[in-house]
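Take a look at the structure set out below.
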Amino acid sequence: SSSSSSARTFTAVMCLVCVFYPLYNMVIDAPMYLRRYHADQAHNKTYFPFWAGLEDAAVRRIETHALADWQQDMFWMTVYFSVAAWTGIWLMRAPRVPPRAQSRQAEEEGKEEEEEE
């Protein structure tokens with residue numbers, strides 16, 4: 001049936017996402033941030049205490065249009081603010097598959113109707 005086919009497609013896509021998204025995070029994203037952290041540590045960078053950092057994040061803006069400033073983050077930001085946003089909407093429209101008991105009952109009713117004809 002159509003709902004069964006779309007449910008299989010949905011499940012297949014979500015299985016791929018569940019494999020490749022964590023893989024991307026472990027192989028590309030996390031190492032990038034770890035390199036930045038190590039570079040900061042090598043340059044004796046100091047960090048704000050929690051509340052001061054929260055205030056700084058809320059009020060300070062450093063606007064830049066330089067591609068070099070965004071180069072490393074460009075891929076994940078593009079995917080996050082486009083594909084991920086639409087995927088969240090798509091999740092709300094996930095196909096519904098009836099529980100097996102209801103599915104069997106519907107099949108049996110369909111067979112009974114065919115036999116009556």
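In region 35-53, which residues are open to solvent by less than 100 Å² (accessible area, probe 1.4 Å), part of a helix (DSSP H, G or I), more than 25 Å from residue 25 (Cα to Cα) and not small (Gly, Ala, Ser)?
none
Would you confirm, using the coordinates I've provided, whether residue 17 is touching a residue at least 60 places away in the same chain (Cβ under 8 Å), open to solvent by less than 90 Å² (accessible area, probe 1.4 Å), part of a helix (DSSP H, G or I) and not acidic (Asp, Glu)?
Working: touching a residue at least 60 places away in the same chain (Cβ under 8 Å): yes; open to solvent by less than 90 Å² (accessible area, probe 1.4 Å): yes; part of a helix (DSSP H, G or I): yes; not acidic (Asp, Glu): yes.
Yes.
Return the residues of region 1-39 that are closer than 17 Å to residue 84 by Cβ and aromatic (Phe, Trp, Tyr); say none if nothing qualifies.
Listed by number, the residues that qualify are 10, 20, 21, 24.
Return yes or no: is residue 87 among the polar types (S, T, N, Q), modelled with pLDDT of 70 or more and either under 18 Å from residue 12 (Cα atoms) or in contact with a helix residue (DSSP H, G or I) (Cβ under 6 Å, 6 or more places away or on another chain) (or both)? Spell out how you get there, then give the answer.
Working: among the polar types (S, T, N, Q): yes; modelled with pLDDT of 70 or more: yes; either under 18 Å from residue 12 (Cα atoms) or in contact with a helix residue (DSSP H, G or I) (Cβ under 6 Å, 6 or more places away or on another chain) (or both): yes.
Criteria met by residue 87.
Please identify the pairs in which a residue from region 66-87 that is within 18 Å of residue 16 (Cβ to Cβ) has its Cβ atom under 7 Å from the Cβ atom of a residue that is surrounded by 12 or more Cβ atoms within 10 Å (Cβ to Cβ) and modelled with pLDDT of 90 or more, counting only partners at least 6 apart or on another chain.
76/29
Given the condition closer than 28 Å to residue 95 by Cβ, open to solvent by 90 Å² or more (accessible area, probe 1.4 Å) and within 26 Å of the chain's Cα centre (by Cα), answer yes or no: does some residue in region 1-8 qualify? I'd like the intermediate steps shown before the answer.
In the first step, residues of region 1-8 are kept if they are closer than 28 Å to residue 95 by Cβ; the result is 1-8.
Going one step further and asking which of them are open to solvent by 90 Å² or more (accessible area, probe 1.4 Å), we end up with 1-2, 8.
If we keep only those that are within 26 Å of the chain's Cα centre (by Cα) as well, we get 2, 8.
Checked against the condition, which is being closer than 28 Å to residue 95 by Cβ, open to solvent by 90 Å² or more (accessible area, probe 1.4 Å) and within 26 Å of the chain's Cα centre (by Cα), region 1-8 yields at least one hit.
Quick one: residue 65 ticks every box in (1) assigned to a helix (DSSP H, G or I); (2) loosely packed, with under 10 Cβ neighbours inside 10 Å except a single one, so which number is it?
(1)
The values are calculated or read from the model by the stated rules, or taken from the named source; none is laboratory data. Every value quoted in this text rests on a predicted model; they were computed, and no experiment measured them. No Cβ is skipped: glycine too gets one built from the backbone with ideal geometry, and neighbour counts run over all protein chains shown. For the accessible areas, the whole protein counts, side chains as well, though only heavy atoms, and no ligand, DNA or RNA atoms are used. Shrake-Rupley method; radii C 1.70, N 1.55, O 1.52, S 1.80 Å.
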